[in-house]
Every structure is written in C-alpha cells, then in structure tokens.
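Remarks on the structure that follows.
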Amino acid sequence: MNRNLLLGALVVVLVALLGLIIVLYRGVYTPSEGLTIVLLFPGIQKEVSRLLSSDDKLYVIGGAGVDPHELQLSPSDIEMIRRANIVLSMGHTHVDEQVESMIKRGEVKARFINVLEIKGLILPRLPDGKINIHEPYYDPRNLILILEVLVDEMSRLRPEKRDYYYSRLSEVRSEVEELISRYSGILKGYNAVLTTAELQPAVAWLGLNVVSYIVWDTHETPKASAIEEAIRALDDSNVIAVVAIIDHEHDHIHNHEHDHGSHRFMTILDKMIAEEANARGRIVIGVPPGWAGESILESIRHVILHATMHHK
C-alpha cells in the first residue's frame, strides 16, 4: 500500500514538473505568437506588410510622409522598439544611431538589420566620387535584397511560418523582377542633373548617369556655384532634370510638353530647376521622396511611367 502511494505521489510530481517545463518553454517562445517588426524609416511599409502573417505586427516610426532625418523617438516609440523582435534601420539617421546605442546598452534585444550592411547592396557613386547612401530601397534590385534579409530573420524567429513567409516574398519578388527585366537601363545614354542626391537611387537603375547635383539632401542650403553648374549642364540636349515632388497623384509631369501646375515641388530649388529645364526644352522627371508614401513600389512605378513617357 505504501509503495502504491509512493508511486502515485511520484506520478503527480512528474506531471507537475512536465507542466512547469511547458509553461516555461512557452514563456520563452510560443510558435503561435506573432512577430513585432519596427521600421525606423517610412516608405516600404506596404511591401513589408505583404510578407506578414495575420498575427504579426508592423510599427513604423513617424509614419509615411515624415522625413526620417527629422524624426525624434517618442516614449511610445521607445517602448515599441524594446518589445520588437526585428528592427530595420537605414543606418545613418539620428534615430538609427539612437537605437544602435540602446542595443549596445542591452536595452533592446531585437534582431537589428542595418540596411547599409546588407551584402550585395548597390550604392551608386555621385560625380564627386561620394558613395550615395540615401534611400537604397528605391532601386528595385536593393528592395529585393532588403526583403529577402528580412524574411530570413522572420523565418529564424518563426520557423513554423517559414513556408508562408517565403511564399509571400516570392509574390513580391516576381513583381519587382518584372519591373527590373522590363525597365532596367532604359535611359542609358542620358545624363542627369539632380536637385538633391537623395533622388539618385530612383533613377540610376534606369541607366541615368548623374553629371551634377546641387545638394546632398534637402536640409542642406544650396550653394550658388552648384546651382550655376546644374543650370549650365542643362544646356546639353542630352541632359534630363530630376527634381523632387511631394505627390504623384496626377498624370501630369512638370515638362515642356505638359502642364506642371498640378504638382507640388518639394522645395523652391526643385521648382526653379524644373523651370530652367522647361525653358530649354529638356525632359523633367519628378520623383517623390521614398519616405513620402507607404509603398516604394508605387513610387517606382511612378518614376517608370514618366521615364517611359520620354523614352523612344
């Protein structure tokens, strides 16, 4: 009898221990739990959202239309970053640096992806030899690389969702690769004048060779000498002006062949260069900044539309 009681008690203890192990395991990782992904820059949230499972969450610091160089982290932003599983960074803004410091201090445990450190990323050079780190995701070849690295990390964290994530990636990749195969290099042979270096990734993959740019980014005060150089470059009939616009809701583009009153220029500088180009009968391509919208693919298609409008 005593032996039976002892065996019964032992079984109860073993069952309790097994239950405790299961609870502890689930506390560390539960396959059914969704991922929380934080983007430290806007612009690709629609593309990232297309990769996610229904229980995954995406949080974008600042949201669409906010220049990532002007972002400041709010207390709720910091809390979300601390809870994140994956953080995607542009690798050069103040917020990027702030989050990297948090990681080094052990305040953030998330997988940290610095876009600029992705192997194979294409970063074009400017005429002065400077490597252009702005908005690399505007080049569709880079967009694929970024999404692939993200899905690799998502699959490591949720191996039970691996097939789902890669099937979603395959759909997006097919769309992007079709654009690349059809339009890569279509403007080869043309030179370009940019108002800001930030626009280069949007047009470099189309084959445009940048011969002049006025400012490194829109926060820089343009120098008179740089403006004069850009205007002189427009005297060449083989030069296209590339300017920043705020929206791309209309089919009109500021060009000598089209009414450009429906577009809003990003800066007075963009308006001035567009007018100088129009006066010389030059092609003008308006490029919305990558951070201005929620889908970089929509912006890429906009640039393609107006590039093909002039390509013969």
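Here are the numbers for the structure shown:
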read-out	value
Residue within region 99-108 that is exposed (fewer than 15 other Cβ atoms within 10 Å of the Cβ) and outside any loop (DSSP other than H, G, I, E, B) present	yes
Residue that is surrounded by the most Cβ atoms within 10 Å (Cβ to Cβ), among those in region 214-247 that are closer than 17 Å to Met266 by Cβ and small (Gly, Ala, Ser)	Ala241
Qualifying residue in region 137-153 (condition: buried (at least 18 other Cβ atoms within 10 Å of the Cβ), in contact (Cβ under 8 Å) with a residue 60 or more places away in the chain and more than 26 Å from Ala292 (Cα to Cα))	yes
Number of positions in region 213-244 that are in contact with a Leu (Cβ under 7 Å, 6 or more places away or on another chain), small (Gly, Ala, Ser) and farther than 19 Å from Gly290 by Cα	0
Output for region 41-62, where each listed residue is more than 15 Å from Ile296 (Cβ to Cβ) and either at pLDDT below 95 or not small (Gly, Ala, Ser) (or both)	Leu52, Asp55, Asp56, Lys57, Tyr59, Ile61, Gly62
Residue selected from region 166-195 under the condition in a strand (DSSP E or B) and in contact with a helix residue (DSSP H, G or I) (Cβ under 7 Å, 6 or more places away or on another chain), by the criterion farthest from Val243 (Cα to Cα)	Ala192
Options Arg162, Arg125; residue that is touching a Ser or Thr at 6+ places or on another chain (Cβ under 6 Å), at pLDDT 95 or above and of a type in the set (Lys, Arg)	Arg162
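For (1) in a strand (DSSP E or B); (2) modelled with pLDDT under 95; (3) more than 20 Å from Gly293 (Cβ to Cβ); (4) among the β-branched types (Val, Ile, Thr), each residue gets a yes or a no:
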site	(1), (2), (3), (4)
Gly65	no, yes, no, no
His69	no, yes, no, no
Gln72	no, yes, yes, no
Ile78	no, no, yes, yes
Arg82	no, no, yes, no
Val87	yes, no, yes, yes
Gly91	no, yes, yes, no
Glu97	no, yes, yes, no
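The values are calculated or read from the model by the stated rules, or taken from the named source; none is laboratory data. Small disclaimer: the values here were computed from a predicted structure and weren't measured. Don't worry about glycine lacking a Cβ; one is built from the backbone with ideal geometry, like all the others, and counts go over all protein chains shown.
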